[in-house]
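The values are calculated or read from the model by the stated rules, or taken from the named source; none is laboratory data. Computed from a predicted model, the values in this text were never measured in an experiment. Note that we place each Cβ from the backbone using ideal geometry, even for glycine, and neighbour counts take in every protein chain shown.
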Amino acid sequence: MNTLMEITLNDNQTMANLPLILATVWIMNNDFALQSVSAVTIGQYANSIAAQHQQNGIIDEVLRRTMMAKNQLKYFVEGEMFPFEFSEEFMSSEELVQRFFKYYANRETCVWFLDSLESYNKLEEGLLDESRHYQRHGYFLLVYTGLQVERMNHVREIFHRLFYIYVINVNILMMIGKHAYLYTYFPFSPNQCHASQPELYVSFSDIEGENFTINKTLYPNKVRNMHRCPLTIVTWNLPPFIFVEKDKETGDLISLFGIEGSMITLLAELMNFTIKVVEPKPRERGNIYPNGTSTGATRMILEAEANITLYSYIYNSARSQFLAASNSYTTSTFYMAISNGDPLAPFARLTKPFSYIIWTCLGSSTVLAIISIYYIRFLGKSKLMDFIYGRGNRLPFSNLLSTLLGGPVFTKVPFRNFARFILLAWMWYTFILRAAYSGELYTILQDGYSRNTVKTLADIVEHNYVIQATPTLEKFIKGVLPTANTRTLNEEEDTINTLLEQIGDPEGQEKIALCALDYTIKYYNQLHPTRRVDLLEQTIITSPLVFYTSRYAYFNKRMNSLILEISAVGMMKRLRKIAVYAPLKAPRRHGKPLTLTFEILLGVFYIYAVCVMFCLLVFLLEIWSKKSFCIKIVIDFFNM
């Protein structure tokens, strides 16, 4: 078989197709060479040997003229023969990767030659072949070389089928009489929506002149203004992300708002399309199974029943193999919503103001001070005692306890600098901790603060909580905690609200943990300040949120660029603050402060009773010391 470059045309054929050749060369030099850096794919689809020879001659002449222009274009001619030793069968993996990125990875500019509707059928087969790696959002030129009487009907059918497979940046160049004309179609216009009617776009009747120019873009943005044409969106209520308001009588959409709802409404305003909302049956995000079947909103997109599905989707690689994910417009975190827990025990209220680290530091420093006091006393060196305690200070232990509790120094203030520094450091240290403890303890006693018995996912499993989660998150949680008791969450709106109300019920006894987005939980707490749910401190997963469209949807590129612009100006942050303004954690007070009952202050009375018992023990030891010399020595040693 000969290569395409080895086949030539006679002069008559060349002269007859000269306007077509010149128009093709002009488009490649003035558009493809300036607007794209990827290689231009050139292919031919002929229905007869004579038509194939004719196309070979046109391609040869086009390549020769474009190479003479020195425009740095790279070409990939489909059907070109390679030497046997350069075939993919004899290439290493690195060489195959290089060839892939050189020719296949970004095939977005193509020139195809065809002569009939039958030859277009072959072209469409290649365009739909995933292994050919054609980018359907790319820029394509179809050079129609056929001369059939009904060729305009063929052009109309070709545009119709290209629109069906989401190819809109396509022009058809053809000869009519002695001149070349460029046809395209506009799917959205003031007079029609989702149309594929051919329109004469550019006339190349003067192409043989030296200064031929056109005053329009060869590939205009056909989705910049969609002229109020409708797009179907699969969604339903999911506060605070999506609120769907419809007319109760007609069912027509009144408004779509919320974090995601307002975002898609803003996109509709910027692209000038209208929104039609539909719901899947049943109402679920849906899945794609190995046998090719799908369910829910995912099925409606795959079967072209809708254009967009919007429902707080986290990016999922499995779903993205079949659908196109938009650019992320916000990031959200999944938490476990749990009940507020049992009221604090009497002693727990007294220890709650400080974490265990603060109590450890305070206790260790106090014990170290007491040990140092009695160790110096045991040594019995008065000069060392004067140096550390201060001259005349014979009650260091009493002063330690007094200053710890905010009392005065019973003896005179130390005169030496070192002793004075120790006293000041201890008083400043205890003053800060005492003030912080008093303020926090007051708040805890006044607002009936509650605590949770679970802090981590491991605690949830240990306490046998039932974890409600969507199928994707349930699989993730099972992978992390195989022993977790999980249940698949029904994605109906009322199910989520019902579960949150059940968790927030103060009288509820069921151990339920709901895995939900932080904004969903915040919004519920915002609406129910007296029946709030708490959040597990340990996060489950943080993920970008996206919406899904058809894999080759013609508006994907335009929407993604607008999403980046919307995010860049801070609009998404503004929408989040409008929807959710309450803090994540509950405020420390709700209404009037609680009356301090005996149960709340029971811990104080317990400690007071222990102190009274200790005083009674000291009193008995003082009486016993009058009769026992050994007890008197011990009492005198600790009497500081």
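Residues in segment 139-161 include none that are small (Gly, Ala, Ser), in contact with a Leu (Cβ under 7 Å, 6 or more places away or on another chain), in the same structural domain as residue 22 (by the TED database) and at negative phi. Taken over segment 454-479, residues that are in contact with a strand residue (DSSP E or B) (Cβ under 8 Å, 6 or more places away or on another chain), surrounded by fewer than 21 Cβ atoms within 10 Å (Cβ to Cβ) and over 19 Å from residue 319 (Cα atoms) amount to 5.
Filtering segment 265-274 to residues that are in contact with a strand residue (DSSP E or B) (Cβ under 6 Å, 6 or more places away or on another chain) and within 25 Å of residue 577 (Cβ to Cβ) leaves 265, 268.
If I filter segment 346-368 down to residues being small (Gly, Ala, Ser) and without any contact (Cβ under 8 Å) to a residue 60 or more places away in the chain, which single residue comes out as nearest to residue 536 (Cα to Cα)? My answer is 355.
Considering only segment 522-574, how many residues are among the small types (Gly, Ala, Ser) and either assigned to a helix (DSSP H, G or I) or loosely packed, with under 15 Cβ neighbours inside 10 Å (or both)? Spell out the reasoning first.
First, the residues of segment 522-574 that are among the small types (Gly, Ala, Ser): 543, 550, 553, 561, 567-568, 570.
So of that shortlist, the ones also either assigned to a helix (DSSP H, G or I) or loosely packed, with under 15 Cβ neighbours inside 10 Å (or both) come out as 561, 567-568, 570.
Matching residues across segment 522-574 total 4.
Tell me yes or no: at least one residue of segment 227-242 is on the phi < 0 side of the Ramachandran plot and either in the same structural domain as residue 470 (by the TED database) or touching a His at 6+ places or on another chain (Cβ under 7 Å) (or both). Scanning segment 227-242 turns up at least one residue that is on the phi < 0 side of the Ramachandran plot and either in the same structural domain as residue 470 (by the TED database) or touching a His at 6+ places or on another chain (Cβ under 7 Å) (or both). Comparison of 170, 111 shows that the only residue that is within 21 Å of residue 57 (Cβ to Cβ), buried (at least 20 other Cβ atoms within 10 Å of the Cβ) and of a type outside the set (D, E, K, R) is 111.
Within segment 295-315, being of a type in the set (S, T, N, Q) and either without any contact (Cβ under 8 Å) to a residue 24 or more places away in the chain or out of contact with any strand residue (DSSP E or B) (no Cβ under 8 Å at 6 or more places or on another chain) (or both) holds for one residue alone: 295. For residue 537, the criteria (1) more than 20 Å from residue 285 (Cβ to Cβ); (2) at pLDDT 90 or above hold in every case but one, which is (2).
Matching residues to (1) surrounded by 15 or more Cβ atoms within 10 Å (Cβ to Cβ); (2) in the same structural domain as residue 464 (by the TED database); (3) closer than 15 Å to residue 542 by Cα; (4) more than 11 Å from the chain's Cα centre (by Cα):
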| residue | (1), (2), (3), (4) |
| --- | --- |
| 302 | yes, no, no, yes |
| 305 | no, no, no, yes |
| 308 | yes, no, no, yes |
| 311 | yes, no, no, yes |
| 321 | no, no, no, yes |
| 328 | yes, no, yes, no |
| 332 | yes, no, yes, no |
| 338 | yes, no, no, yes |
| 341 | no, no, no, yes |
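Candidates in segment 599-625 are the residues that are closer than 19 Å to residue 347 by Cα and not hydrophobic (A, V, I, L, M, F, W, C); of these, the one that is modelled with the highest pLDDT is 606. Here residue 250 fulfils each of the conditions (1) modelled with pLDDT of 95 or more; (2) in a loop (DSSP other than H, G, I, E, B) apart from (1).
Taking residue 324 as the residue in question, decide whether it is in a helix (DSSP H, G or I), of a type outside the set (Val, Ile, Thr) and either within 30 Å of residue 457 (Cα to Cα) or in contact (Cβ under 8 Å) with a residue 12 or more places away in the chain (or both). Quick ask: steps written out before the conclusion?
Numbers: in a helix (DSSP H, G or I): no; of a type outside the set (Val, Ile, Thr): yes; either within 30 Å of residue 457 (Cα to Cα) or in contact (Cβ under 8 Å) with a residue 12 or more places away in the chain (or both): yes.
Spelling it out, it is not the case that residue 324 is in a helix (DSSP H, G or I), of a type outside the set (Val, Ile, Thr) and either within 30 Å of residue 457 (Cα to Cα) or in contact (Cβ under 8 Å) with a residue 12 or more places away in the chain (or both).
The helices (runs of 4 or more DSSP H) located wholly in segment 1-120 that include 2 or more residues which are touching a Lys or Arg at 6+ places or on another chain (Cβ under 9 Å) and modelled with pLDDT of 80 or more occupy 18-27.
Beta carbons closer than 6 Å, at least 6 apart along the sequence or on distinct chains, pair a first residue in segment 210-231 that is within 19 Å of residue 198 (Cβ to Cβ) with a second that is surrounded by 14 or more Cβ atoms within 10 Å (Cβ to Cβ) and of a type in the set (D, E, K, R) for 218/31; 223/558.
Taking the conditions exactly as written (over 36 Å from the mean Cα position of the chain (by Cα), outside any strand (DSSP E or B) and not acidic (Asp, Glu)), does residue 149 satisfy them or not?
yes
Annotation note: Cβ proximity below 9 Å between a residue of segment 53-75 that is farther than 19 Å from residue 107 by Cα and a residue that is outside any helix (DSSP H, G or I) and acidic (Asp, Glu) (sequence gap 6+ or interchain) occurs for 54/115; 55/115. Looking at residue 156, is it of a type outside the set (Ser, Thr, Tyr), closer than 20 Å to residue 45 by Cα, in contact with a Pro (Cβ under 6 Å, 6 or more places away or on another chain) and surrounded by fewer than 20 Cβ atoms within 10 Å (Cβ to Cβ)? Taking the combined requirement at face value, the residue satisfies it. Note on segment 526-570: residues that are free of Cβ contacts under 8 Å to residues at least 40 places away in the same chain and not assigned by the TED database to the domain that holds residue 511 total 5.
Could you figure out which of (1) more than 25 Å from residue 35 (Cα to Cα); (2) touching a Gly at 6+ places or on another chain (Cβ under 9 Å); (3) assigned to a strand (DSSP E or B) isn't true of residue 154? Evaluating residue 154 over (1) more than 25 Å from residue 35 (Cα to Cα); (2) touching a Gly at 6+ places or on another chain (Cβ under 9 Å); (3) assigned to a strand (DSSP E or B) leaves (3) as the failure.
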